[in-house]
Amino acid sequence: MRSKNIVIGAVAAAFIAAGTAADAKTFRYSTSGDILGLDPFINNEGPTNTMKSNLYEGLIHRAWDLSLHPALATDWEQTSPTTWRFNLRKDVKFHNGNDFTADDVLISLDRIRLPASNMTFVVSSIDRIEKIDDHTIDIVTQYPDPTLLLNLPNFWIMDKEWLEANDAFGLEEGAVVKTFANLNVNGTGPFMIEEWVPDTRTVLVPNPNWWGTPWHNLTRAVFTPIGNAATRVAALLSGEIDLMYPVPLQDVPRLESTAGVQALQGPELRTIFLGFDQHRDELLDMPGTGKNPFKDVRVRKAFYQAIDINAIKRVVMRNAATPTGLMIAPGINGFQPDMNDRFPHDPEAAKALLAEAGYPDGFPVTLDCPNDRYVNDEAICLAVVPMLKRVGIDVKLNAQTKSLHFQKIGRAEQWNTSFFMLGWTPGSYDAHNPLQQLMTLDGEGQGTWNCGRFTHPRMEELTDLIAGETDVQKRTAMIREAFQIHKDEVGHITLHQQALAWGIGSNVKEVKQRPHNDVDLRYVMMN
Amino acid sequence: MNIDTGHPPETAAAGLLARAADRLRRFFDSDIFHSFRTSPVTIAAFVVTMVCFVAAFFAPWLAPHNTNDVATLDLMNAFLPPVWMEGGTWDFPLGTDEQGRDVLSAIMFGMKVSLIVGFASVLFSVVLGVGLGLVSGYVGGRLDHFIMRVADVQLSFPAVLVALLLFGFAKTILPRAVQDDVALLVLIFAIGLSNWVQFARTVRGSTMVEKNKEYVQAARVIGRRPLAIMFQHVLPNVMGPVLVIATISLAIAILTEATLSFLGVGVPPTQPSLGTLIRFGNNFLFSGEWWMTIFPGVALVALALAVNLLGDWLRDALNPKLR
Amino acid sequence: MLAFIVRRLFQSILVMLAVGFIAFSLFNFVGDPVNNMVGIEATIEERERMAKALGLNDPFPIQFARFAGNALRGDFGQSYRLSVPVEEAIGERLPATLELVFVAAVLALAIGVPLGVYTGLHREGAVSRLLLTTSLIGISLPTFLIGILLILTFSVWLGWLPSFGRGVTVNIGWESNLVSWEGFRSIILPSVTLCLFQLTLLMRLVRAEMLEVLRTDYIKFARARGLTSRAVNFGHALKNTLVPVITITGLQIGSLIAFAIITETVFQWPGMGLLFLQAIQFVDIPVMAAYLCLVAFIFVVINLIVDLLYYVIDPRLRLDGGAARAH
């Protein structure tokens, strides 16, 4: 691709000219995988989205602590249950110098809604956007949407003139063409792309014309994917990079004890849980018996109580996890702190429940588990196996790489699983999302990852109501009711929210850790 | 038995015994045994190999813990260091891993899978490769072209993909209940299939050289059949490189097995092989729990070393030209 | 001779077709690319549209036929993961791998062959035994472990060499690590890691063949004729060990180019092995298909060169199989 190599230095120097060359602050950071592309509406993937949010902006910005702040919109108000008026920021320029206006928002809405877009879900409730004048718009939703603002940060705004001039409006399914917008960037964000050499490096420089006052003090940022965790740790220890994540949990003490390097830990939004097949009449592992023990809530509860989450937390996760009783993490809209307790670990009670349900000697079941997706995923599953064995359950562990795992437990193989591990971060930062995707079945777009096909009539009903309820108190009451049903029915075994662990070198003065496990360059300060 | 020999059965048995004893004596008098007896390195290699086999196949009786019985595992025992370090205990002489598994026992149980997969897959690729290589090199012509192009196709698929393919097929054609039983076979075939080409090509090259030599032409002149020439005359003269590659391939096959288990192909992670133990342990290299990877690693190195030394000896001892 | 080469290249097309066919039957079992492409939040409709656009719902013979048809027109499709044409993705990475393999192969040959001759000549020597033993330790440890130990020693502890990536490259028609010291520093650790297995194998092969050849009559005869031991050892003996050595060197170079996966992963070396591994992980079918066909072609060419070299070493070897028919 566009490799500049030795010339890079010269190019960088040109950009640095704004400041003095002496305080050139190049921030080099690394994680396991490269970004998938630069088109804001293709590839909905965490690290890729974070890279794009350095380059593009939405009407609203979600800060490192998840709070919402004005970005391309300066302020907004609700003028009717389905209408929101947004005042757009004036004097904002795209990287190429074009002015930002209401027309850019309109064309971005058209583009994000193209059939081949992967980001349509963030504007799913929007009916239309009306241009009042160049810097005022009305967003009209199809129904009263309590989560509209939560979704807007990932609705990135592109430049109309640029799209038209480069014939880059279209999106094709499966990225079957090398699209201009996937390789080039023209956003309003605080950083501009200098080069992207896939799997090698992505170089960014600050946008000198950005409307805001930067918190960061970078003059240049170089992102390098390093797939191997041990190599990544070594690169940090040898000073070749300034920040890397994720740090394998077992290496945190080693980083802490090394001079010039520290580990930064914090909670992540992802909830890890186990699910059961509650749909088939016969368990896959018990052919010929005509029985599916998981249809009995006592069996599900027995599994729950057989698992010693504190031992997993202490040993497998080295305390870098927060055991959870809910399917969502603190920080997600709708989280209920008083409902977050778990059923106690109690093998005796588990045995009793199994006996009561008619399985005093247990039964065989296969646990499907990824081995390269979540923090210590395979180790967690390995630890679960003996715990269940002690109450009589014969668990066979099937741990495999994520592509195969998700294919097996997902729709592709018709939910070919009886007992599985999955993790979920609500893309909308709202409780409705996991209710819709994980805990209900009926209706369009529902239950995409409800691999055990858990369902409950009242929860189906509640989930639809929660979607359109704008009264916060009523909505919260319904969310609580749904969570209570899910807990009573033991729809899933909630395990924990894993912790983030970043390794930071001595050149970094301060970095704000977002619960996304990604670096937003706005929040990096170098020495 | 030998009823028509005219001897009473007891005498026949005695004769058989005598003949066996004679053979044994001849074996002990032979050059092979002599070269074995006089080479301390070979004896040491033999002992190490035997120890590995005994430890592996008698693990259920010899190992301090049954690490394949998951009910005995306790997370509270995780990460204990070896006995001579602070915090170590005689219960777990070489320490424990992140699941609370005794490393020594895990090595013994894991060794069995590794030995079976390692030896069986190498044997499979040697038999397949040497057979096809001999035929290809000796017969030549279209058959040679065909076999070698099949080999080229095979070369394009690394063991990982072969295993995925075989396992995928096994999953679609076999009932769920027997899939676990064939997992080990799939591993052996996958690793064996991805290795036979180097034997075939090596043997083919050497055969092409050998078949022009006088002794082969002489055998042909006296009317020996091609198969007999190939296997009785040519084969012994091309086996040298085969033994070198085969003995070296053993360690590689054992490590390949660990790579495949990462894909969910093969033995379940609750019954780790030697290679899988090393793979798990790798994650703990920086964090100070070195015993989780170093001890299985040492076991593999010792086994590989011993087998290679035995292979060196065997090659020298069996080679007609070196006697 | 020319006819032989032309025929062989024609056969390579058949080989590539066979590889492509097997590859497409394999893709049923490598996982679901759609999930990686549309994100986990995508709706069922989005998934199905994507699967349809990619042609994933068709049976594999049809997928293969489509691939082969397009490939004949020079269109290998578009990488799912990188959104660039496959030939571009592979073309960018080929130089990185070829340079790495070149350095590793030179190291393996330049060290392995002389050591093999040495250990063959001094069969019982202490140095020979030490060399043979330590080299085995080198290959019994997983490549991963060796790579990390090298990184720990030379990057973290001593700070001499970079731990990952290609560092500074210079464009000499392709991006090269070999023309500047800065670039060469980056290639040292991965190529050493990569050459260890080759080196051990070559050393042991050369030694074994030397041991045999040195005892044959014609070497004894050469010695009796009073040729210098140097001429005997290298002129006669070594030459006769070459057939298996060349065979194995060819195969090993081929598999290094194609599947240096672990080394390239450990060192984040942006070459073909890394591309292939990521293609498997992401289920990037177009890259895997084109890649496997390219690998097939590489092996056909390498094995063709090996067969030609046989002829150079020993002109008695008839390449076209005429020898067999003569009897």
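The values are calculated or read from the model by the stated rules, or taken from the named source; none is laboratory data. All of these numbers come straight from a predicted model, not from anything done at the bench. Cβ coordinates were reconstructed from backbone atoms using ideal geometry, including for glycine residues, and neighbour counts include every protein chain displayed.
The table below gives the values:
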| quantity | calculated |
| --- | --- |
| Selection status of B:Phe92, buried (at least 23 other Cβ atoms within 10 Å of the Cβ), part of a loop (DSSP other than H, G, I, E, B) and modelled with pLDDT of 85 or more | yes |
| The one condition in (1) assigned to a helix (DSSP H, G or I); (2) among the small types (Gly, Ala, Ser); (3) modelled with pLDDT under 90 that A:Gly331 fails to fulfil | (1) |
| Wholly enclosed strands (runs of 3 or more DSSP E) of region A:197-281 bearing at least 2 residues within 30 Å of C:Glu92 (Cα to Cα) | A:201-206, A:220-225 |
| Qualifying positions in region C:76-95 - at positive phi and not polar (S, T, N, Q) | C:Gly77 |
| Residue list for region A:103-114, restricted to those being aliphatic (A, V, I, L, M), buried (at least 18 other Cβ atoms within 10 Å of the Cβ) and without any contact (Cβ under 8 Å) to a residue 60 or more places away in the chain | A:Val105 |
| Scan of region B:256-290 for residues that are part of a helix (DSSP H, G or I), aromatic (Phe, Trp, Tyr) and either touching a strand residue (DSSP E or B) at 6+ places or on another chain (Cβ under 9 Å) or modelled with pLDDT under 80 (or both), ordered by number | B:Phe262 |
| Where A:Trp424 falls short, out of the listed (1) within 18 Å of the chain's Cα centre (by Cα); (2) closer than 17 Å to A:Leu148 by Cα; (3) touching a residue at least 60 places away in the same chain (Cβ under 8 Å) | (2) |
| Index of the failed condition, A:Ala350 passing every other in (1) crowded, with 22+ Cβ neighbours inside 10 Å; (2) in contact (Cβ under 8 Å) with a residue 60 or more places away in the chain; (3) of a type outside the set (S, T, N, Q); (4) closer than 23 Å to A:Glu489 by Cα | (2) |
| Residue check, C:Gly159 surrounded by fewer than 19 Cβ atoms within 10 Å (Cβ to Cβ), in the same structural domain as C:Thr247 (by TED's automatic domain parsing) and free of Cβ contacts under 8 Å to residues at least 60 places away in the same chain | yes |
| Complete set of residues in region C:110-131 that are within 12 Å of chain B (Cβ to nearest Cβ) and surrounded by 20 or more Cβ atoms within 10 Å (Cβ to Cβ) | C:Gly116, C:Thr119, C:Gly120 |
| Pick from region A:334-374, criterion assigned to a strand (DSSP E or B) and in contact with a Ser or Thr (Cβ under 8 Å, 6 or more places away or on another chain), ranking: nearest to A:Glu413 (Cα to Cα) | A:Asp368 |
| Residue match in region C:72-79 (condition: more than 12 Å from chain A (Cβ to nearest Cβ), over 28 Å from A:Pro47 (Cβ atoms) and in contact with a helix residue (DSSP H, G or I) (Cβ under 6 Å, 6 or more places away or on another chain)) | no |
| Total residues in region A:228-277, condition within 23 Å of A:Asp372 (Cβ to Cβ), touching an Asp or Glu at 6+ places or on another chain (Cβ under 9 Å) and in contact (Cβ under 8 Å) with a residue 40 or more places away in the chain | 7 |
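Let's see how each residue does on (1) under 30 Å from C:Leu201 (Cα atoms); (2) within 14 Å of chain A (Cβ to nearest Cβ); (3) part of a helix (DSSP H, G or I); (4) in contact (Cβ under 8 Å) with a residue 40 or more places away in the chain:
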{"position": "C:Val34", "(1), (2), (3), (4)": "no, yes, yes, no"}
{"position": "C:Glu87", "(1), (2), (3), (4)": "no, yes, yes, yes"}
{"position": "C:Ala105", "(1), (2), (3), (4)": "yes, no, yes, yes"}
{"position": "C:Ala108", "(1), (2), (3), (4)": "yes, no, yes, yes"}
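A quick yes/no check of all residues on (1) within 22 Å of the chain's Cα centre (by Cα); (2) not basic (Lys, Arg); (3) not in a helix (DSSP H, G or I):
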site	(1), (2), (3)
A:Gln437	yes, yes, no
A:Thr440	yes, yes, yes
A:Thr448	yes, yes, yes
A:Phe454	no, yes, yes
A:Glu460	no, yes, no
A:Asp464	no, yes, no
A:Ala477	no, yes, no
A:Ala482	no, yes, no
